[in-house]
1. Please give the strands (runs of 3 or more DSSP E) falling wholly within segment 1-105 in which 1 or more residues are among the aromatic types (Phe, Trp, Tyr).
2. Tell me which residues, restricted to segment 178-230, are assigned to a loop (DSSP other than H, G, I, E, B), farther than 17 Å from Phe92 by Cα and touching a residue at least 24 places away in the same chain (Cβ under 8 Å).
3. Go through segment 91-107 and give me each residue that's at pLDDT 95 or above and crowded, with 16+ Cβ neighbours inside 10 Å.
4. Inside segment 63-94, can you point out the residues that are closer than 15 Å to Ala4 by Cβ and of a type in the set (Asp, Glu)?
5. Could you grab me the full set of residues in segment 1-49 that are of a type in the set (D, E, K, R) and over 16 Å from His216 (Cα atoms)?
6. May I ask you to list pairs of residues, at least six apart or on different chains, whose Cβ atoms are under 7 Å apart, with the first in segment 66-83 being β-branched (Val, Ile, Thr) and the second being modelled with pLDDT of 90 or more and not in a helix (DSSP H, G or I)?
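The values are calculated or read from the model by the stated rules, or taken from the named source; none is laboratory data. This is a predicted model, so every value here is computed, not measured. Because the Cβ atoms are built from the backbone with ideal geometry, glycine has one as well, and the counts that use them run over all protein chains shown.
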Amino acid sequence: MPLAINVEHLERTFGSGQNSIRALRGVDLQIDAGQFVALKGRSGSGKTTLLNCLGGLDEPTAGTIEIYGRALQGLSDKERTIWRRAEVGFIFQSFGLIPTLSAFENVELMLRIAKAPRKERAERAHYCLDLVGLNKWAGHRPYEMSGGQQQRVAIARAIANRPRLILADEPTGELDTETAQDVLTLFRQIVHEEEMTMLMASHDSLVDEYVDQVLHLQDGVIAKVMRNEN
């Protein structure tokens, strides 16, 4: 099975001298394609920093990152942006939807940015909303939806461009237990049906039974890996 993520000796230091902070201290990580993986650890353990480096939003201080065989080091800002738009979908705790746009428009915007043809944009946006169970809400704006519905729109937006990698940062953090379970079930479905790989940073104990493996990040390194045999 090909590797979706291959990280070696990854370091990220913020600042310099005595005031520097070593957020990542030599992360080694390999994740197979098609896996649903949770990244856990205390606040300040480096979870968000690692996701940002994997998604090309931040540049490591040292080490290498390959996503589906593509090395990120050495890419220019423009090359990284083009790669990120085509290959990576992001889901955040705060949803990040544009409040003045409808659910359909929030999803379709990603396809518009990618310069997809108009007909394809509409078909794909409706398909993604249908996949998350929100096609009937396509014309509604975020403030007209519950938190769980907004997160579903954010998921539809993240998968609109058919990225091979989804990075999610505390995606269930603002949701109640029942809604979080529904979203986690949806994540499993999407990973399978859309043939994507997903890495999700989370504090939520619920995630353990939904993912293929749990990575524990401690003091900037992967301290433990737990595989789910279910």
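1. Details: elements: 3-14, 21-32, 36-40, 62-67, 88-92.
Correct list: 3-14, 36-40, 88-92.
2. If the condition is that a residue be assigned to a loop (DSSP other than H, G, I, E, B), farther than 17 Å from Phe92 by Cα and touching a residue at least 24 places away in the same chain (Cβ under 8 Å), then Glu194, Glu195, Met196, Tyr210, Val211, Asp212, Asp219, Gly220 are the ones that fit.
3. Ser102, Ala103, Phe104, Glu105, Asn106, Val107
4. Glu66, Glu87
5. Residues of segment 1-49 that are of a type in the set (D, E, K, R), as a first pass: 8, 11-12, 22, 25, 28, 32, 40, 42, 47.
Listed by number, the residues that qualify are Glu8, Glu11, Arg12, Arg22, Asp32.
6. Ile67/Ala4; Ile67/Ile5; Ile67/Leu165
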